[in-house]
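Here the structure comes first, spelled out in structure tokens, and everything after it is commentary.
The values are calculated or read from the model by the stated rules, or taken from the named source; none is laboratory data. Treat the numbers as computed from the prediction; the structure is a model and nothing was measured. Cβ atoms come from the backbone with ideal geometry, glycine included; neighbour counts cover every protein chain shown.
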Amino acid sequence: MRIAIIGAGSVGTNLHHAFELKGIRAELVHARPLTAGGSVQQQAISELPKADCYIYTVADQALETVVAKVDAPQALHVHTSGSMPIEVFGADKPHAGVLYFFQSFSRIQLIDDWSNIPCFIEGRNIDDIAAIYSLAQCLTSRIYEANGHDRERLHIAGVFANNYTNLMYRIAAEVLKDTQIPFEALLPLIDRTAEKVHVMAPKDAQTGPAQRGDQAVMAHHEAVLASTPYGEVYRVLAALIEKGQNH
């Protein structure tokens, strides 16, 4: 199967790297925004190769524009988005679906081993699903069918579990800025918390002053954070923990 990956961002670069490690030839095609007056007007695509499968790894807001530029009605077309519906592929692309690898990707640190990465797939018909399954199976055995509703909820869950958790790390680093304590001192705590949710429900793994209802400690923390943007964040999160303990 001839594969073309459209979009050389974090997902596209990692996917291309993964296929190459498996000895599967895939051509990486750059798709870049053209700007005029500071706003994106259209999406430019470098020379498009002929392929049996086109994998779109561009940003959600550019996906529909890029898809419309590819004229290959006989090929299989799949996007890698957690939020975009399969309907982004029009009637001119009868063979279409979704290939959503549920992982955080970076061009700085490419992933070599994809065997433990879950992949959620969707297809227009049984033949497309089978083809997409075979494609995913080249990289991982953890493959699940998921419709647009479930994939959307999974993406939101991932934002909370990954993106917002990383924001908490950034806030923690900011809180330590005027101390002599390095952020690295938090790593054993971060690692231990991540380990616990492998063996127990997140609600059962919760600890800290909000979980035990220690109003004095929380009031002190809020006072320390009063001159920062993080006091309100602390209050909201503490209230959610307290509420969760009562349900």
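Odds and ends about this structure:
- Single residue of A216, A210, A194 found to be touching a helix residue (DSSP H, G or I) at 6+ places or on another chain (Cβ under 7 Å) and either among the small types (G, A, S) or at pLDDT 95 or above (or both): A210
- Of everything in the range 133-161 that is among the β-branched types (V, I, T) and surrounded by 15 or more Cβ atoms within 10 Å (Cβ to Cβ), the residue that is nearest to I5 (Cα to Cα) is T140.
- Number of the condition not met by Y234 [criteria: (1) modelled with pLDDT under 95; (2) not in a loop (DSSP other than H, G, I, E, B)]: (1)
- A single member of Y164, Y133 is of a type in the set (F, W, Y) and not assigned by TED's automatic domain parsing to the domain that holds A238, and it is Y133.
- The criterion of at least 2 residues that are modelled with pLDDT of 75 or more is met, among strands (runs of 3 or more DSSP E) falling completely within the range 31-82, by 53-56, 76-79.
- Residue count, the range 83-105 (criterion: of a type in the set (A, V, I, L, M, F, W, C) and part of a loop (DSSP other than H, G, I, E, B)): 5
- Test result for Y100, farther than 26 Å from E87 by Cα and hydroxyl-bearing (S, T, Y): no
- Residue satisfying all of: in the range 111-128; under 27 Å from E87 (Cβ atoms) and out of contact with any strand residue (DSSP E or B) (no Cβ under 8 Å at 6 or more places or on another chain); surrounded by the fewest Cβ atoms within 10 Å (Cβ to Cβ) among these: I126
- Unmet criterion (only one of (1) of a type in the set (V, I, T); (2) surrounded by 12 or more Cβ atoms within 10 Å (Cβ to Cβ); (3) closer than 20 Å to I171 by Cα) for V236: (2)
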